[in-house]
1. Kindly list, by first and then second residue, each pair from a residue in the stretch 1-21 that is more than 20 Å from residue 58 (Cα to Cα) and basic (Lys, Arg) to a residue that is more than 14 Å from the ligand (Cβ to nearest atom) and outside any loop (DSSP other than H, G, I, E, B), limited to pairs with Cβ atoms under 6 Å and residues at least 6 apart or on different chains.
2. Just checking, which of 75, 58 is open to solvent by 60 Å² or more (accessible area, probe 1.4 Å), β-branched (Val, Ile, Thr) and more than 30 Å from residue 31 (Cα to Cα)?
3. Of the residues 124, 92, which single one is within 23 Å of residue 2 (Cβ to Cβ), in contact with a strand residue (DSSP E or B) (Cβ under 7 Å, 6 or more places away or on another chain) and of a type outside the set (S, T, N, Q)?
4. Applying the selection to the stretch 173-207, what residues are away from the ligand (no atom under 15 Å from the Cβ), within 17 Å of residue 130 (Cα to Cα) and open to solvent by less than 40 Å² (accessible area, probe 1.4 Å)?
5. Here are 152, 213: which of them is small (Gly, Ala, Ser) and surrounded by 18 or more Cβ atoms within 10 Å (Cβ to Cβ)?
6. Check off (1) open to solvent by less than 10 Å² (accessible area, probe 1.4 Å); (2) at pLDDT below 95; (3) outside any loop (DSSP other than H, G, I, E, B) for residue 170 and give me the number that stays unchecked.
7. Contact list please: Cβ distance under 8 Å, first residue in the stretch 159-180 and touching a residue at least 60 places away in the same chain (Cβ under 8 Å), second residue polar (S, T, N, Q) and within 13 Å of the ligand (Cβ to nearest atom), pairs at least six apart or on different chains.
8. When the residues of the stretch 237-250 are filtered to those that are within 12 Å of the ligand (Cβ to nearest atom) and in contact (Cβ under 8 Å) with a residue 40 or more places away in the chain, which remaining residue is most open to solvent (accessible area, probe 1.4 Å)?
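The values are calculated or read from the model by the stated rules, or taken from the named source; none is laboratory data. It should be emphasised that the depicted structure is a prediction, and the values quoted were computed from it without experimental measurement. Positions of Cβ are backbone-derived with ideal geometry, glycine not excepted, and every protein chain shown enters the neighbour counts. Just so you know, the surface numbers come from the protein's heavy atoms only, side chains and all, with ligands and any DNA or RNA stripped out. Shrake-Rupley method; radii C 1.70, N 1.55, O 1.52, S 1.80 Å.
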Amino acid sequence: MSRTPIIAGNWKMFKTAGEAASFVAEVKGKAEVSGVESVICAPFTALPTLVEAVKGTTIKVGAQNLHFEDNGAYTGEISGVMLKDLGIDYVIIGHSERRQYFGETDEIVNKKAHAAFRHGLVPIVCVGEKLEEREAGTTNEVVRVQTEGALSGLTAEQVAATVIAYEPIWAIGTGKSSTSAEANETISYIRSVVAKQFGAEAADKVRIQYGGSVKPNTVAEYLGQSDIDGALVGGASLEPASYVALVEGA
Ligand code: PEP
């Protein structure tokens, strides 16, 4: 089964709409490599500008969160209906920063995954262990519970279309990263969890990225591994030249 590699930049809480437009002007025609999907996940305020800026390119746009309800009395929240209306394709769900700072549980992540599919958005579902969990030897157990929890109740077709990002928390924004072999081992395990829950076909199709301090000079090594289908990249996705190098490196 050949899965299309996917590089997703997670800008976190960086860049205004104007800065997003300048970024696209610089990467246009460069962060566009045949056979590699390139997605920029930006703050909500930059999304409308970004959707306009990428028109005529192969670059896709993603949000970094959504609410699990379609509308309602949820002050300050943004729903899948609103993102779809903007022309967004992807949405990051369950990033460790949201789990850590905004109390997102596996149950909430699961409701958000369902909300994404209700509105034709592809979820990029993040899972990953804390340093103490890794040191205690419970990485597989942690990612199994998170993966099963996030995907619960989805159809096998939906799971096949999902992107999972395996991001060891201790490697995010720290400059420390999992070796490509270790990341591949955990990602293969996640794929086996998907196979058990949704069958071999869904497991074969689901794309699983590695995330955690990936840089232009390390991306190819990760993507060269048998089960790693791309990268979710924070810091190194913020500079145009670096983003282009990530997409080219894939
Ligand atoms: C992330 O934001 O998901 C991430 C992996 O960040 P960084 O690449 O900076 O570690």
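1. What qualifies is 15/46.
2. Details: 58 fails: more than 30 Å from residue 31 (Cα to Cα).
Unique residue meeting the criteria: 75.
3. After ruling out the rest, the residue left standing is 124.
4. 190
5. Working: 152 fails: surrounded by 18 or more Cβ atoms within 10 Å (Cβ to Cβ).
Unique residue meeting the criteria: 213.
6. Among (1) open to solvent by less than 10 Å² (accessible area, probe 1.4 Å); (2) at pLDDT below 95; (3) outside any loop (DSSP other than H, G, I, E, B), the lone unmet condition for residue 170 is (1).
7. As it stands, the answer is 163/209; 165/209; 167/96; 169/96; 169/100; 172/96; 172/213; 173/213, since those pairs meet every condition given.
8. Only one residue fits best here, namely 238.
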